[in-house]
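Reading through the structure tokens given below for one structure.
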Amino acid sequence: MTEDVVRPRGLLGRTLVTWLACAFALGLWSLATPHLTAPDSPAHDLRAWGAGHGQVRLVDPGPVEGMPFASMGVNQLPETLVAAASSVGCYAGQPTVSAGCLAEIEDRREPLLAYLNPLGQYHPAYYLATGWPSRFVGVDDALTADRAVAVALASLFLAWAIVAARLMPRPHVAVTGVLVACSPQVLYFGGVLNPNSLEILAALAMGACSLAFFVDPDGPHATALGRRALLAATVLALMRVFSPVWVACWAALVLALFGMPALRALLRRANLPWLVLLVLAGVGNVVWTLTHLTSLAGDREPYARLSFAGAVHASMQQIDQTNLAEAVGVFGWKDTLLRAGLVNYYLVAAVFLIGVCWVFLSRRASLALSGWVAVCYLLPIVLQAVQWNDNGPVWQARYTLPLLVLLPVSAAFLAAASDQLEGVLHLRLRALMPAVLLVVGYVQVAAYATLLRRNVGGVEGGLTEGDWTPWPGSVPLLTAWTATVIAVWAWVVWLYWRAEPEQAQPERAQPSEVSRSRPDTRGGEDLATAGSPPAPGTPPPGQPG
């Protein structure tokens, strides 16, 4: 049985409650992560502070000895911020050293010093969105205020994904896909100020909301879901250099899944303003990149002189060695990899979820999802190979996460909409999926403990003894996170056992039907004309017949 239909006016309330819950969860990861301790944090944090003080388009310093990046820009920052950023060398790449070695930030706005920001030419949209609170607080609280906004934005998109899952025909299956997509690495970046964080979670929201929209384009929440999907895609398109590519790839997958009727549903009048905004965002990012970031290599000597085929081979070897493990969990400045056993537990659970859901997909949906697997693997290899001779192995697993998170989400959402998932098969799924969530929850708790230990006393230290102490303490934080994971797991198990698998689902437009030779149907109508009034006695979309 599907969940009771949520009235349109009740969707906002559900979203707000979910947003608060997501903000609490990501806030716990933020509290376990000191400022300047995530990869490239000094550059991102100080770029946000500068953007909040009107430093949007930074001066290009030209070639700088020892820092040969074409993305360099000059920030004018308080001396205490520059000193704190300069002290990060005691921590980065040294996993046995506590985060307590970093210099403290004092409440002093003067004097201002020139700071050569290696990311100073990156698109300013994210830094403008997160840096504005620094104008209204002291320098010592500025990074905390900016990060709070970053966490709030990331939490909003995670909430959109969860709410979209709850609007699916079988919400428990769809929610499982969203939760499995939230690897420890996703949660870790969700708690810091980094455009990669919003890129990942905006991609998650784009995928979840768009799938929920196309499954039922005439449902009571279609307008809201379409708007959210396009807004999430717009934010994604603005975040980083390759973000417009991710949006284009997802659009191709949606077209492959749902066909031309989906395009007609997308081009409805209510969606057009948001679609135009998405196009403008993507074009704006491309223009900014071409005018400000022509090459990351700067003036340094070429890294290699390989043919394209040789570069592809080298890129494939490098990505094969690190991509999956680091996508699950690597903390500090990529210096603290999650224990191999925990990584394997998570990967087995994720693959098991995708495999089980795959059984219920149509041929067309299976082929489309196979194409997405190929995109997740091959596209990063090609993108790195194109710049291999200039930059060498610069690709990190977190750059692929906007693609990877959409894999479990797609499999779970499509299975949740499949007319094959009924009766005994649904009963079996209901028995298996809580075990998957139990494994994922265990890995998330263990990963959180690993992050705390690394920052408090180094990887060889303890949770409570070290030079850095989080607020309100390591044990309360770990307890709160463990309780959060247990509560979420119990909630989803309740969703599974609340469902009644023996009852047939109402017919909806879905990929399992799109793939067949007969036309798409929704209660006997073609998807493109499903907006006509239903026959007398036909139940509203989303309600049991």
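Measuring how big the stretch 87-203 is from its alpha-carbon positions, Rg and Dmax come out at 17.9, 59 Å. Note on the stretch 265-345: dipole from Cβ charges, positive end direction compared against Leu306, Val279, Tyr345; the farthest Cα belongs to Val279.
Net charge dipole, the chain: roughly 1340 debye, given to the nearest 20, about the Cα centre with Cβ charges of +1 for Lys and Arg and -1 for Asp and Glu. Accessible surface calculations at 1.4 Å, restricted to protein heavy atoms, place the stretch 82-210 at 27 Å² per residue.
The HN-Hα couplings worked out from phi for the stretch 101-118 by the Karplus form 6.51 cos²θ - 1.76 cosθ + 1.60 (θ = phi - 60°) are 6, 5, 5, 6, 9, 9, 8, 9, 8, 10, x, 8, 10, 6, 10, 7, 8, x Hz, whole numbers, x standing for Gly and Pro. Projecting the Cα atoms of Val56, Pro78, Val97 onto the charge dipole of the stretch 44-131, computed from C-beta unit charges around the Cα centre, puts Val56 farthest toward the positive end. Taking a ≥ b ≥ c as the square roots of the eigenvalues of the Cα gyration tensor of the stretch 238-355, is the shape rounded (a/c under 1.5), prolate (a/b larger than b/c) or oblate? Oblate, because a/c is 1.5 or more while a/b does not exceed b/c. The phi-based Karplus calculation (6.51 cos²θ - 1.76 cosθ + 1.60; θ = phi - 60°) puts the 3J(HN,Hα) values of the stretch 230-247 at 6, 5, 4, 5, 5, 4, 4, 5, 8, 6, 9, 4, 8, 4, x, 5, 4, 4 Hz, whole numbers, x for Gly and Pro.
Taking all protein chains into account, the per residue accessible area for the stretch 214-324 stands at 49 Å² (1.4 Å probe).
Cα-based values for the stretch 302-364, radius of gyration first and Dmax second, are 16.8, 49 Å. Annotation: amide H-H contacts under 5 Å for Leu337 (H modelled 1.01 Å from N, sequence separation of 5 or more, or interchain): Phe331. When each of the peptides 205-213, 105-113, 131-139 is scored by how many other beta carbons lie within 10 Å of its residues on average, the order from highest to lowest is 205-213, 131-139, 105-113.
Start at zero, step by 5 Å, and the Cα-Cα distances of the stretch 144-277 spread as 2, 11, 20, 23, 21, 13, 7, 2, 0, 0 percent across the bins. The stretch 393-447 gives an Rg/Rh value of 1.12, both radii derived from C-alpha positions and Rh following Kirkwood.
Axis angle, to the nearest 10 degrees, between helix 308-328 and the longest C-alpha principal axis of the chain: 80 degrees. Rounded if a/c is under 1.5, else prolate if a/b is larger than b/c, else oblate: which is the stretch 23-131, with a ≥ b ≥ c the root eigenvalues of its Cα gyration tensor? Here the stretch 23-131 falls in the prolate category.
Amide H contacts of Val59: Val74, each under 5 Å away and 5 or more positions distant or on a separate chain (H built 1.01 Å from N in the peptide plane; Pro and chain starts excluded). For the stretch 345-421, the spread of Cα positions along the three principal axes, ordered from largest to smallest, is 50, 29, 15 Å. Quick one: helix 139-166 against the long Cα principal axis of the chain, what's the angle to the nearest 10°, folded into 0 to 90? With both axes taken from Cα atoms, the answer is about 20 degrees.
Taking every alpha-carbon pair under 8 Å whose residues sit at least 6 apart, the chain reaches a relative contact order of 22 percent. Globularity index of the chain is 0.98 (Cα radius of gyration / 2.2 N^0.38 Å, N = number of residues). Each Cα pair under 8 Å and six or more residues apart adds its separation to the average, and for the stretch 197-323 the resulting relative contact order is 25 percent. Taking Cβ atoms as reference points and 11 Å as the exclusive limit, the residues near Phe213 contribute a net charge of +1, counting Lys and Arg as +1 and Asp and Glu as -1.
Couplings for the stretch 462-474, taken from phi via the Karplus curve 6.51 cos²θ - 1.76 cosθ + 1.60 with θ = phi - 60°, read x, 6, 10, 10, x, 8, 10, 10, x, 8, x, x, 5 Hz in order; Gly and Pro are left as x. Once the Cα atoms are used to define both axes, helix 363-386 deviates from the longest principal axis of the chain by about 20 degrees.
Computed over the stretch 342-481, the Cα gyration tensor eigenvalues convert (square root of 5λ each) into semi-axes of 35, 26, 9 Å, ordered from largest to smallest. Rounded to 0.05, the FRET efficiency of the Leu306 and Val475 pair, given R0 = 51 Å and the Cβ-Cβ distance, is 0.50. The fraction of accessible area contributed by carbon and sulfur in the stretch 172-246 is 67 percent, rounded to a whole number (1.4 Å probe; ligands and nucleic acids excluded). Unpaired Cys in the chain, meaning no second Cys C-beta under 4.7 Å: Cys22, Cys182, Cys209, Cys249, Cys357, Cys376.
The values are calculated or read from the model by the stated rules, or taken from the named source; none is laboratory data. This structure is a prediction, so every number in the text was calculated from the model and none was measured. Cβ: placed from backbone, ideal geometry, glycine included. Neighbour counts: every protein chain shown. Calculation scope for accessible area: heavy atoms of the full protein, side chains included, ligands and nucleic acids excluded. Shrake-Rupley method; radii C 1.70, N 1.55, O 1.52, S 1.80 Å.
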